[in-house]
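Shown next, in structure tokens, is the structure this report addresses.
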Amino acid sequence: MTHPALNSNSVAVITGGGSGIGLAAATKFAGMGMRLVIVDRAEKKLAASESVLRASGAADVMTAAADVSDRAQLEALEADVTGRFGGTDILMNNAGIGGRSACLGPYEAWQTFLSVNFYGALHGTQVFAPGMVARGRPGVIVNTGSKQGITTPPGNPAYNVSKAALKAFTEALAH
């Protein structure tokens, strides 16, 4: 079943769209005939993802190598998306990283987790949402979280904190 407001004129921007959950969501949107913007910092994944999405029925596919932790890169991306497609209807802040951390571990690990997993979604939302609202069309922002942001199990505190912050931000955005 498809949503009546989503069609070949709809534009979805998916960060972390080169693989995993991002590519799976993009493939579903492609099957609905939507226009897609796939964002990933792993440039090698973008060409393969584009081929998959075109074969799955996407009306148009734009790829962009960008680091969501760099707000200026997302500002440039939003301008490119608006220039090419007129704006965004769905923003999926999906980019994320894993790894290991410790409470007394290197500060840089904490910085990296928070920069991508939390600030990446914050940047995406703050950069894309104003244009989405101004567009005057139905739209949605999806932030991909993790159960570790809820259960915060031992062993990887920086990741847990980044996903807990994302959960709290997403709930605040929903309100």
Requested in this report: From the list A95, A66, pick out the single residue that is under 19 Å from A26 (Cα atoms), touching a Gly at 6+ places or on another chain (Cβ under 8 Å) and open to solvent by less than 60 Å² (accessible area, probe 1.4 Å).
Outcome: A95
Report task. Those residues that are among the aliphatic types (A, V, I, L, M) and either open to solvent by 50 Å² or more (accessible area, probe 1.4 Å) or within 15 Å of A164 (Cα to Cα) (or both), I need them from segment 103-118; list them, please. Result -> L104, L114, V116
Report task. Would you be able to tell me the number of residues in segment 44-99 that are closer than 19 Å to N117 by Cα, more than 13 Å from the chain's Cα centre (by Cα) and among the small types (G, A, S)? Result -> 3
Report summary line: segment 1-118: helices (runs of 4 or more DSSP H) wholly inside it with 3 or more residues that are aliphatic (A, V, I, L, M) are 20-31, 43-55, 71-85
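The values are calculated or read from the model by the stated rules, or taken from the named source; none is laboratory data. Owing to the predicted nature of the structure, the values given are computational and were not obtained by experimental measurement. Every residue, glycine among them, receives a Cβ derived from its backbone with ideal geometry; neighbour counts consider all protein chains shown. To get the accessible areas, we keep the full protein, side chains included, count just its heavy atoms, and leave off ligands, DNA and RNA. Shrake-Rupley method; radii C 1.70, N 1.55, O 1.52, S 1.80 Å.
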